[in-house]
Structure formats: structure tokens, C-alpha cells
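Peer 1: Provided herewith is a single structure, encoded as C-alpha cells, for subsequent inquiry.
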Amino acid sequence: MPPTLADAYRLVHSGSLALAEVERAGIRIDVPYLEKTIENVSSKIKELHEGLRQDDVFKQWKQRFGGKTKLTAHAQLGEVVFGDLGFSPNPSLIANRGCEQGKTNTGKWRTDEGSFDHINLPFVKNWVRWQKWVKTRDTFLKGIYREVVDGYLHPFFHLNTVETYRSSSGSPNFQNFPMRDPELAEVIRKCFIPRKGRRLVEIDFGALEFLVSSCFWKDKAMVSYASDPSKDIHRDIAAKIWLCSKEQVNKNTRYFSKNQFVFPELYGSYYIKQAQALWQSIDEHDLKVKDIPMKEWLSEKGIDRLGNCDPREEPEDGTFEKHIKQVEENFNQKMFPEFGQKKEKWWKDYRKTGEFQLMTGFIVRNRPHSKNDLLNYPIQGPGFHIMLKSLIFSLKQIHKRKMKTLIVGEIHDCSLADVPDEEIQTYLNMTKYIMTKDVPRQWPWVIVPLRVEVEVSNLAEDGGNWYEKHLWDETKGSWGPKT
DNA sequence: CACTGGAGCCAC
DNA sequence: AAACGTGGCTCCAGTG
């Protein structure tokens, strides 16, 4: 019997109790470090601000806006750079539908970071940098500081706000602290520390979205990719996109294949958007095959331009657009034909009933939904539910075994725990078993093996924090740093 | 003064 | 016909 709406209710009920416990536990914050860091970042901001004020561009800015001059106003920056200084909008940016190149929906100049990529003006580079640090301080650092009580932070975790039946977090949002920008990640994540005698332990589900996707579409080839650790979908697609052998795929080319083709394709993007994004990445990130610059490499294969990317036109031969169109057709018709066919039926069925049910029993019928919603919700919701059920089971075990471990946070496909050193082995063994054995056993729709990725911080006494953490793995039931 | 939508940026 | 999804938070600029 597949999960019913009543099952879904029970999950939310016990999930709410579990997350209440997470909220109550709280995360230890290194308050002196946080205070010092706010000071340091403020000095950096002040310096950058001073530099901007002394720049000649700022004089022009003042001439233009006089008493209304406001250095934080994006609209004013746009007027100065693209209006007065006469820079053209970034030609490699893709214009929004119904938007003039380089402008927003309301007709103002776009002033996001990418809009300035092509402009080599120190003033502009520094302005972007300045804004980045202002956000770091005001949103993240001060957001934490404002909510700290007696050295602990208690972010909220909600189950009632998200259409896909994922969770959300607030006050502050625990789920969007910087991670990819190493400079920002370090400054902010060092605020989070374990309690005395403990370590922070983060356990992620590996590749959860792709695994859940396989469970939902039950496409044979997809399930095979998801089940066989020696197979790598992103590498294989990268080889097709970049016209090279699987062995010639490198970290970068795989990364962009994954994030600008495979996931977008699973969630309803299409070849024109993917081609544009990939083509832009080639120069932006200096993509290569072996040591050959990508555009040279592609040119040797007979592809020397992007193409018009006009949805009304058939792409021309010899364009990247045409090539990606073929990769897409191959993806949907040859590689994953069941995915290609089932998604049409899934959409048709929705059009008949106006509602759809997730594998975990939840029913979505709150409003009319787009085709892409129909592709995304069934993956995003149940992916989170796998994590939530694991969290619930872990807490149950922690209580039963009278452990002192505290689960202190959750980010969609991972949990963060504050674990006494002497409980580490128990906690990791127990949680891995729950995540990879117990939960799949309870949900027969999980038809592919689940996997975990474990990261552990140093002890509090050794300067452990959420930034400095180490991959751990298991050999014969014993966990330690990965060698 | 309270509120709102847009734009931007952070995460998964 | 349309064109990858879900959030939270902050600032500005405009409205009542």
C-alpha cells in the first residue's frame, strides 16, 4: 500500500515534535568571535566605502544625483554606469523575456553582479565587493547576533510554509548560510561551535535529488545510474555535451553538465536555456578539454558559435544550440525513454484531476500548477521527507539509549548534530543505519540504495567549528577521518 | 508610519 | 504556450 494522506499527516505531526526539539536544543555560538568578526567586517566595509567615495566615478555620481545621492541605491548605480558613463549592458547576458537587454522587468538597469562582468572599472568591482560584505554583516552576522540567547542560537524550522511540503527556516534562516564562497563561508560558519567536549556532525544524503528522481520516474536507466556507484550520469552527459571521451571529462566540465544540463532537464528547462548557460560558462570559467580551450576544442568538432537561440527558429547546423538540442533528444528518447514518456502522462493526468499526490502521501491541490511544478514537487518534497523521517528516527534512538547527543539543525537533505566525543561512534553507526536501512525499509517506493556523507568537526576544545570540518568514513563499523 | 513589491543574493 | 523548482532576508522606492 502506498503512503496515504493520513501517513503524510503523521509524518508532519511527529516531524513538528522532532523539529521543536531541534529548536529547543539550539546551536552554540562563539559570541566573542562573532562580535570581533562584526567589528572586522565593519572596518572592511568602511574602507571599501571610503575608497568608493574618493573615486572619480563618485564625483560624477554626485553631479548626477546631488542631494539625493545614495551609494546603496542600485538604480542610481545603473544610471551612472550605463547612462552617464555610457557602458553597454553585458552582451553575454541573456535578456529576460519582454525585457530590454540589461534591464529588469520594471525597466531599470540590472545591477546584479553578472551585469558588470565585462566592465573593468575599479569603482564597479569595489561596489560589488562592498555590497557583498554589507550583506554578510547585516543579513548573516547580525542576523545571528540578534537571535543569540545565552550563547545559543535557536532558529525556527517550519513544516507549514512550503508548497512542496519541504521545510523552511527563519529567525535567522539556518538554511542559507554561505557555503560556496570560501571567504564568506569561513567568516560566518566559524560562529557555530560545538558544546564543550563535543563535535559538530553533519550528515548528508548523497545525490538525494537524483535518487528520488529515479524512484519517482522508475526509469530503468535512471535507476541503474542511481544504484551503481561505478556509474556517473553527470560524467556521461558531460562527455556528450563537450564532445569528448568520459576519461577526458574533468571536474569543471562535469560540474556544469550537472548544474546547467542534467538538473535543469529533470526540472523542465530546455535546450535553448541550457545552451545559453553552458556557452556562457565556457568563457566565464575557462572550460577546457585536456589543455585545449573549450571553444577551440568545439570548433575542431565543427561547432563555432552559439546560434540565434530563438525559440521560433530551427537551430542551424554547426551551432552549439543545435548540438545541445541533440543532446536533449538523446537524453529523453534514447538514454531515459521512460522518463521522456512518463512525464507527459503525469502532466496529462494532472490536467484531468487538478491535483497530484507525492510518494509520501501528501496531496498538492492548493492552486493551479505549471508543467515544471509537476516535475519538481514530486522530487523536492519526498527528498526532504526522507531526511525528516531519518531525523525523527534518530531522535527516537537518542532518547531510547539515553544519549546526550543533540540534533541542532536541518538543511533539506542533511542534519547537524552536537555530539559528545564518547557518543560519536554510536551516533554515526546508528544514524547511518537509520538513513540507509530503516527508512528505505519503511518506504517501499525507495527502490534505490541511499548513501550518506559524514563530516565531523574538531572538539570544541580544539577549536572545532562548522567551517572547519573533516570528511569521515567507516571501516568495519569504526569511524574516523577519511584518509 | 505601516505596508508592499521588486531586485538582489544566500542555501538546497 | 512556455521554458528548472522551493524558500528567507535586506534594502529601496513607492503607496496609502
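The values are calculated or read from the model by the stated rules, or taken from the named source; none is laboratory data. Note that this is a predicted model, so its numbers are computed, not measured. Neighbour counts run over all protein chains shown; Cβ positions are idealised from the backbone, glycine included.
Peer 1: Can you name the condition, by its number, that A:N429 falls short on among (1) over 23 Å from the mean Cα position of the chain (by Cα); (2) within 20 Å of A:L358 (Cβ to Cβ)?
Peer 2: For A:N429, the failing item is (2).
Peer 1: I'd like to know if segment A:312-320 contains one or more residues that are under 30 Å from A:N376 (Cα atoms) and within 16 Å of DNA strand B (Cβ to nearest atom).
Peer 2: no
Peer 1: Consider A:H369 carefully, then state whether it is surrounded by 18 or more Cβ atoms within 10 Å (Cβ to Cβ), modelled with pLDDT under 95 and either more than 16 Å from DNA strand B (Cβ to nearest atom) or among the charged types (D, E, K, R) (or both). Steps first, please.
Peer 2: Values: surrounded by 18 or more Cβ atoms within 10 Å (Cβ to Cβ): yes; modelled with pLDDT under 95: yes; either more than 16 Å from DNA strand B (Cβ to nearest atom) or among the charged types (D, E, K, R) (or both): yes.
Considered against the rule, which asks whether it is surrounded by 18 or more Cβ atoms within 10 Å (Cβ to Cβ), modelled with pLDDT under 95 and either more than 16 Å from DNA strand B (Cβ to nearest atom) or among the charged types (D, E, K, R) (or both), A:H369 comes out as yes.
Peer 1: Another question, then. If we keep just the residues of segment A:109-145 that are in contact (Cβ under 8 Å) with a residue 24 or more places away in the chain, closer than 20 Å to A:F58 by Cα and basic (K, R), which is nearest to DNA strand C (Cβ to nearest atom)?
Peer 2: Result: A:K132.
Peer 1: Could you check segment A:319-339 and list, in sequence order, the residues that are under 25 Å from the mean Cα position of the chain (by Cα) and within 14 Å of A:Y270 (Cβ to Cβ)? Talk me through it step by step, then tell me what you get.
Peer 2: Kept after step one, since they are under 25 Å from the mean Cα position of the chain (by Cα), are these residues of segment A:319-339: A:324, A:327-328, A:331-332, A:336, A:339.
The answer is A:I324, A:V327, A:E328, A:F331, A:N332.
Peer 1: Residues of segment A:232-277 being within 16 Å of DNA strand B (Cβ to nearest atom), under 24 Å from A:Q341 (Cβ atoms) and aliphatic (A, V, I, L, M), which ones?
Peer 2: Answer for segment A:232-277, where residues must be within 16 Å of DNA strand B (Cβ to nearest atom), under 24 Å from A:Q341 (Cβ atoms) and aliphatic (A, V, I, L, M): A:V262, A:L266.
Peer 1: OK, next. Among the candidates A:F384, A:F336, A:F362, A:F320, which residue alone is of a type in the set (F, W, Y), over 20 Å from A:W217 (Cβ atoms) and at pLDDT 95 or above?
Peer 2: Numbers: A:F384 fails: over 20 Å from A:W217 (Cβ atoms); A:F336 fails: over 20 Å from A:W217 (Cβ atoms); A:F362 fails: over 20 Å from A:W217 (Cβ atoms).
Answer to the check: A:F320.
Peer 1: Name every residue in segment A:398-416 that is out of contact with any Lys or Arg (no Cβ under 9 Å at 6 or more places or on another chain) and more than 16 Å from DNA strand B (Cβ to nearest atom), in order of residue number. Full working, then the answer.
Peer 2: To start, the set of residues in segment A:398-416 that are out of contact with any Lys or Arg (no Cβ under 9 Å at 6 or more places or on another chain) comprises A:399-403, A:407, A:409-411, A:413-416.
Within segment A:398-416, A:H399, A:K400, A:R401, A:K402, A:M403, A:I407 qualify.
Peer 1: Quick one: would you say A:I392 is closer than 27 Å to A:S213 by Cβ, touching a residue at least 24 places away in the same chain (Cβ under 8 Å), of a type in the set (V, I, T) and away from DNA strand C (no atom under 16 Å from the Cβ)?
Peer 2: Working: closer than 27 Å to A:S213 by Cβ: yes; touching a residue at least 24 places away in the same chain (Cβ under 8 Å): yes; of a type in the set (V, I, T): yes; away from DNA strand C (no atom under 16 Å from the Cβ): yes.
For A:I392, the condition - closer than 27 Å to A:S213 by Cβ, touching a residue at least 24 places away in the same chain (Cβ under 8 Å), of a type in the set (V, I, T) and away from DNA strand C (no atom under 16 Å from the Cβ) - is met.
Peer 1: Something else now. Mind checking whether some residue in segment A:227-245 is under 19 Å from the mean Cα position of the chain (by Cα), over 30 Å from A:Y427 (Cα atoms) and hydrophobic (A, V, I, L, M, F, W, C)? Write out each step before concluding.
Peer 2: Here is the first cut: in segment A:227-245, the ones under 19 Å from the mean Cα position of the chain (by Cα) are A:233-234.
Within this subset, residues satisfying the condition of being over 30 Å from A:Y427 (Cα atoms) are A:233-234.
Subset that is hydrophobic (A, V, I, L, M, F, W, C): A:233.
Taking every residue of segment A:227-245 in turn, at least one turns out to be under 19 Å from the mean Cα position of the chain (by Cα), over 30 Å from A:Y427 (Cα atoms) and hydrophobic (A, V, I, L, M, F, W, C).
Peer 1: On to the next question. Condition check: basic (K, R) and closer than 29 Å to A:F216 by Cα. Does A:K295 satisfy that?
Peer 2: Values: basic (K, R): yes; closer than 29 Å to A:F216 by Cα: no.
It is false that A:K295 is basic (K, R) and closer than 29 Å to A:F216 by Cα.
Every residue, every condition in (1) in contact (Cβ under 8 Å) with a residue 40 or more places away in the chain; (2) surrounded by 14 or more Cβ atoms within 10 Å (Cβ to Cβ); (3) not polar (S, T, N, Q), yes or no:
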site	(1), (2), (3)
A:L243	yes, yes, yes
A:V249	no, yes, yes
A:F256	no, yes, yes
A:L266	yes, yes, yes
A:R305	no, yes, yes
A:N330	yes, no, no
A:K343	yes, yes, yes
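Peer 1: Can you tell me which residue within segment A:460-483, out of those that are under 28 Å from the mean Cα position of the chain (by Cα) and assigned to a loop (DSSP other than H, G, I, E, B), is nearest to A:D421 (Cα to Cα)?
Peer 2: Going through the qualifying residues, I end up with A:G464.
Peer 1: Right, something else. I'd like to know if segment A:147-163 contains one or more residues that are closer than 21 Å to A:L34 by Cα, aromatic (F, W, Y), within 16 Å of DNA strand C (Cβ to nearest atom) and in contact (Cβ under 8 Å) with a residue 12 or more places away in the chain.
Peer 2: Pass one, segment A:147-163, residues closer than 21 Å to A:L34 by Cα: A:147-156.
Narrowing the set further to residues that are aromatic (F, W, Y) leaves A:152, A:156.
This time we only want the ones that are within 16 Å of DNA strand C (Cβ to nearest atom), so: A:156.
Going one step further and asking which of them are in contact (Cβ under 8 Å) with a residue 12 or more places away in the chain, we end up with A:156.
Yes - at least one qualifying residue is present in segment A:147-163.
Peer 1: Return only the number of the condition from (1) hydroxyl-bearing (S, T, Y); (2) modelled with pLDDT under 95; (3) more than 11 Å from DNA strand B (Cβ to nearest atom) that A:T106 does not satisfy.
Peer 2: (3)
Peer 1: Would you mind listing the helices (runs of 4 or more DSSP H) fully within segment A:10-89 where at least 1 residues are surrounded by fewer than 17 Cβ atoms within 10 Å (Cβ to Cβ), away from DNA strand B (no atom under 16 Å from the Cβ) and not acidic (D, E)? Talk me through it step by step, then tell me what you get.
Peer 2: Values: elements: A:31-54, A:56-65, A:74-78.
Per the criteria, A:31-54, A:56-65.
Peer 1: While we're here: Output the number of the condition that A:M179 fails; it satisfies all remaining conditions of (1) within 13 Å of DNA strand C (Cβ to nearest atom); (2) modelled with pLDDT of 95 or more; (3) in a loop (DSSP other than H, G, I, E, B).
Peer 2: Single failed check for A:M179: (2).
Peer 1: I would also like to ask the following. Quick one: which residue in A:E202, A:E147 is among the acidic types (D, E) and either surrounded by fewer than 17 Cβ atoms within 10 Å (Cβ to Cβ) or more than 10 Å from DNA strand B (Cβ to nearest atom) (or both)?
Peer 2: Values: A:E202 fails: either surrounded by fewer than 17 Cβ atoms within 10 Å (Cβ to Cβ) or more than 10 Å from DNA strand B (Cβ to nearest atom) (or both).
Being among the acidic types (D, E) and either surrounded by fewer than 17 Cβ atoms within 10 Å (Cβ to Cβ) or more than 10 Å from DNA strand B (Cβ to nearest atom) (or both) holds for just one of A:E202, A:E147, which is A:E147.
Peer 1: Quick check: is even one residue across segment A:217-231 assigned to a loop (DSSP other than H, G, I, E, B), closer than 30 Å to A:L298 by Cβ and within 16 Å of DNA strand B (Cβ to nearest atom)?
Peer 2: Looking through segment A:217-231, none of the residues is assigned to a loop (DSSP other than H, G, I, E, B), closer than 30 Å to A:L298 by Cβ and within 16 Å of DNA strand B (Cβ to nearest atom).
Peer 1: Pairs under 8 Å by beta carbon, first residue within 17 Å of A:D30 (Cα to Cα) in segment A:177-202, partner surrounded by fewer than 17 Cβ atoms within 10 Å (Cβ to Cβ) and of a type in the set (D, E), six or more apart or different chains?
Peer 2: Close Cβ pairs satisfying both conditions: A:K190/A:E468; A:K196/A:E461; A:G197/A:D421; A:G197/A:E461; A:R198/A:D421; A:R199/A:D421.
Peer 1: Continuing with this model, one more query. What are the residues in segment A:248-305 that are hydrophobic (A, V, I, L, M, F, W, C) and within 16 Å of DNA strand C (Cβ to nearest atom), if any? Lay out the reasoning, then the answer.
Peer 2: Quick first cut of segment A:248-305, residues hydrophobic (A, V, I, L, M, F, W, C) only: A:249, A:256, A:261-263, A:266, A:272, A:275, A:277-279, A:282, A:287, A:289, A:292, A:294, A:297-298, A:303.
Listed by number, the residues that qualify are A:F256, A:F261, A:V262, A:F263, A:L266, A:I272, A:A275, A:A277, A:L278, A:W279.
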